[in-house]
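**Q** If you scroll down you'll find the structure; I have some questions about it.
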């Protein structure tokens, strides 16, 4: 049976018209939310109330997005409302833990809150051990090590068992190799509370003073308190090799390079240990690795 051409053309036109009607019936695309951009412009112009109003509306519509909360935090910062700014940034961090803007502003606000708390503490309790300890931390952050040592010592003069002053003062002494003073401080810290820092510091200083047997004991305490500390395993391995316990030393040094493959010191000590056992192949390989790592970290000439 043949279909009349006019009927066929009519059917095609009808299908096309129906498709067009359906396409026209689709809802329009949603309009982009411009309130955040407008809020940023208002903040730039110094219109804080308008920026806060627009930012709040945006956050209400997009509660799981970080940018709106960052903007609200910036408004609070302009108003010197540090607590409210921190709260907004904390919510933003939970929404987007890797957001660079959130992390940057959170660091800024945290620093200002810390400074504010320190000023309050210094006003309420001038000359207290805690204030002097915090002054020491401030000096240390500024690389003013001598001033930091003076502040930490002043804190200990007020409170001799303040662990937060004992340990950093001992570390500063250790860094400049004043190991007798550092050992005395670390032992005082150990009497207050045994910590990884004090055990490691004692191990380092004892090894520097060539008391390797005592260094083995202290480094052993350090790795028990923090088995993930490659630097402590490296120190333990080196001390073990020096007291003639080469097999145990090699095991400790292998643990160190397994935890931190980029450390050159345990590789070098492995070379020394293998050399002592007559294993020239492994010794050369370990020395070569140590040299490679040192060259990679050396500043360009």
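**Q** In whole Å, what is the distance between the alpha-carbon centres of the range 240-254 and the range 181-208?
**A** First find each Cα centre; the distance between them is then 22 Å.
**Q** Sort 93-102, 155-164 for me by packing, meaning the mean count of neighbouring Cβ atoms within 10 Å per residue, highest on top.
**A** Top to bottom by mean Cβ count within 10 Å: 155-164, 93-102.
**Q** If we sort 65-71, 133-139 on the protection proxy, mean other Cβ atoms within 10 Å, highest first, what's the order?
**A** In decreasing order of mean packing, 65-71, 133-139 become 65-71, 133-139.
**Q** For q = 0.20, 0.22 Å⁻¹, what log10 I(q)/I(0) does the range 40-123 give under the Debye formula with an equal point scatterer on each alpha carbon and no solvent?
**A** The Debye formula, applied to the Cα set alone, gives -0.86, -0.99.
**Q** If packing is taken as the average count of other Cβ atoms within 10 Å, what order do 251-259, 288-296 fall into, highest mean first?
**A** Sorting 251-259, 288-296 by mean packing, highest first, produces 251-259, 288-296.
**Q** For q values of 0.14, 0.19, 0.24 Å⁻¹, compute log₁₀ I(q)/I(0) with the Debye formula on a Cα-only model of the range 204-301, without solvent.
**A** Treating every Cα as an identical point scatterer, log10 I(q)/I(0) equals -0.49, -0.85, -1.19.
**Q** Under 8 Å for C-alpha pairs, at least 6 residues apart: give me the relative contact order for the range 203-301, rounded to a whole percent.
**A** It comes to 19 percent, rounded to a whole number.
**Q** What's the Kirkwood radius of the range 125-193 in Å, using all Cα pairs?
**A** 11.6
**Q** I've got another one for you. Mind sorting 198, 283 by how few other Cβ atoms lie within 10 Å of their own Cβ, fewest first?
**A** 283, 198
**Q** Using the Kirkwood formula on the Cα atoms of the range 58-214, what hydrodynamic radius do you get, in angstrom to one decimal?
**A** 18.2
**Q** Same structure, new question: Apply 1/(1 + (r/R0)^6) to the Cβ-Cβ distance of residue 65 and residue 226, taking R0 = 30 Å, and write down the FRET efficiency to the nearest 0.05.
**A** 0.20
Laboratory data are not the source of any read-out in this text; all were calculated from the coordinates shown. Keep in mind that this is a model prediction, so the values were computed, not measured. Please note: Cβ atoms are built from the backbone with ideal geometry, for glycine as well, and neighbour counts cover all protein chains shown.
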